[in-house]
1. Find which of N357, M440, T264 sits farthest along the positive direction of the dipole of the chain, computed with +1 on the beta-carbon of Lys and Arg, -1 on that of Asp and Glu, about the Cα centre.
2. Roughly what angle does helix 265-278 make with the longest principal axis of the chain, taking Cα atoms, 0 to 90 degrees, to the nearest 10?
3. Suppose all protein chains stay in the model; what accessible area per residue would a 1.4 Å probe give for region 158-381, in Å²?
4. Can you compute the FRET efficiency between T277 and D99 using 1/(1 + (r/R0)^6), with r the Cβ-Cβ distance and R0 = 51 Å? Round to the nearest 0.05.
5. Tell me which lysines have Cα within less than 18 Å of K521's Cα, excluding those fewer than 8 residues away on the same chain?
6. Enter the accessible area per residue of region 5-113 (Å², integer; probe 1.4 Å; all protein chains in place).
7. In debye to the nearest 20, how big a dipole does region 158-381 give about its Cα centre with +1 on each Lys and Arg Cβ and -1 on each Asp and Glu Cβ?
8. What residue among A203, S216, Y236 has its Cα farthest toward the positive end of the dipole of region 158-381, where the charges are +1 on Lys, Arg and -1 on Asp, Glu, each on the Cβ?
Amino acid sequence: MSLYSTEPVRFDAIIVGAGVGGLYAIHRLRKLGLRVRAFEAGGGVGGTWYWNRYPGCRCDVESLEYSYAFSDELQQEWHWPERYGTQPEILRYINHVADRFDLRRDIEFNTRVKEAVFDNRTDTWTIKTDKGKTATARYCIMATGNLSTPRKPNIAGLESFQGKWYHTGLWPHEGVDFTGLRVGVIGTGSSGVQSIPIIAKQAKHLYVFQRTANFSLPARNVPMPPDKERAHKADYPARRRAAYDTPFGIAGHPPPVKSALEATEEERRRAYEAKWTEGGSISFLYSYTDLLVNKESNDTASEFVRRKIRATVKDPKTAELLCPNDHPIGTKRLILDTEYYETYNRENVTLVDIRGNPIKEITPAGLRTADAEYALDAIVFATGFDAMTGAMKEIDIRAGLSIREKWEHGPRTYLGIMIAGFPNLFMITGPQSPGVKSQMILACEQHVDWIADCMQYLHAHGFSHIEAEQDAEDAWVRHNNEVADRTLYPLANSWYVGANIPGKPRVFMPYVGGVTAYKKKCDEVAANGYEGFRFGVSIEEQRFAAN
Ligand code: N01
């Protein structure tokens, strides 16, 4: 159903980003007969898995789940060697997908989109790239990712540092050998927690600069058991369908049946112990129905993990510093690790509390905190991302109003898919959708399928634009906040609320009403003729029709 055959419009759809969402969008929209063009800042496909090459990087969702569902042949033929995929393995898989479905021919690599402007006369988006190239299309799809804008803190003196520094989200492709070096890691989120045990094994000495302790559970990674893989693959279609009937888009975990407060202390201990032994974050949070909504219930799980930390880390002062005490467990991304807490028993590892003694400056020879100096040969910033809105705001997106203006006080979207005032601009897993609170590939597929169906609808009805209505957007933002406020999530200073970026408005960004409720809403909106959206025909096409 190609929409155009003449210049100046060159493509039906422009896709910004060739990570898991962008790649599936290319495939799906091509199947509709659309001419698509993707622009990707990286030199290859994979998005987050292309950039985050830090030691120890692996997915915290099991690999049989964290994979595309759109092709049964693909999911049957791919073999995942471990329970949780490593970054190199996942990147290999994504490259395989790009080759198998011949996706690269529609991607311009090493090309960053700098500007996207909508023309309501022609109902088209025109993008400009950092290579000076311009391209035009009816639809623009932002597949820019939620954790794709790495941020390092502004610490005075970094430019004077004589050693080397790195950000986990922009890791050198050739890898880094820390053997014999004095290394400082700043940050103890997922990236820090995964990389610290590996760096500790190489470094002469590792200093971990911790501002806030996070909860982490053992991943219990193992080589993929052949019988598990066989059983999963035999049941793949049903499992994929079942995933949509779960809060996090991940099947295979029996839903909890009672509150933590309905269990005795001994029952709770046994339940948490079983989950701790089994490994995995979703299964742990599934121990009871109310761990994410009732503080008292949550306290029982939080305290269980604190006890584990104290039992693992030999130095009591270090153990106490590692015990999270400022947020309920699960309200920040619950981390999965391999020997994280054990690493602090090594002679060559020192935990530095920078909450009590903040970093003052980086010096030519290392780093100075309020009370001490640390000689360092290398610094690793595991300091995270300008999450959920950063990538979109880096692009000058305008349809009259700009996105930067529209989102000045935080993101506003309808379903996390479209934005009032920005016709024909779609987002894959945008803010106020469950993306980051679910199995990300499932979330991408659901959005792309919805967007593809919507484009077919537009085509079938002769419309050239679709736009979210202001009322629908307002109601969705309100609903998003109400749902979040019924949970414990807002209690944490997390990137979910933009707390990690100084000056970023504090707004709860992901949708936490669960995948099931969200997908139902999206399906209902579509079934009701795209309720909450308005459609139209461009001025130019109206004029053309009138003549
Ligand atoms: O980033 P983070 P991340 N001075 O924002 C600290 C996904 N992911 O890259 O908490 C000192 O979580 C900051 O301290 P504080 C996953 O969704 C998934 O680790 O702000 N410290 C915090 O400790 C994850 O949640 C996987 O006080 C500073 C750390 O840096 C998300 O990506 C693997 C600081 C940042 O933690 C982000 O994870 C990796 C400063 N000025 C990532 N600024 C898997 O699938 C920040 N910090 C397994």
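The values are calculated or read from the model by the stated rules, or taken from the named source; none is laboratory data. This one's a predicted model, so the numbers in the text were calculated from it and none came from an experiment. Note that each Cβ is placed from the backbone with ideal geometry, even for glycine, and that neighbours are counted across all protein chains shown. Surface accessibility is based on the protein's heavy atoms, side chains included, excluding ligands, DNA and RNA. Shrake-Rupley method; radii C 1.70, N 1.55, O 1.52, S 1.80 Å.
1. N357
2. That helix lies at roughly 70 degrees to the long axis.
3. Working: 10250 Å² over 224 residues.
Value returned for region 158-381: 46 Å² of accessible area per residue.
4. 0.85
5. K437
6. 35
7. Details: 30 positive and 29 negative charges, 68 e Å.
It works out to roughly 320 debye.
8. Y236
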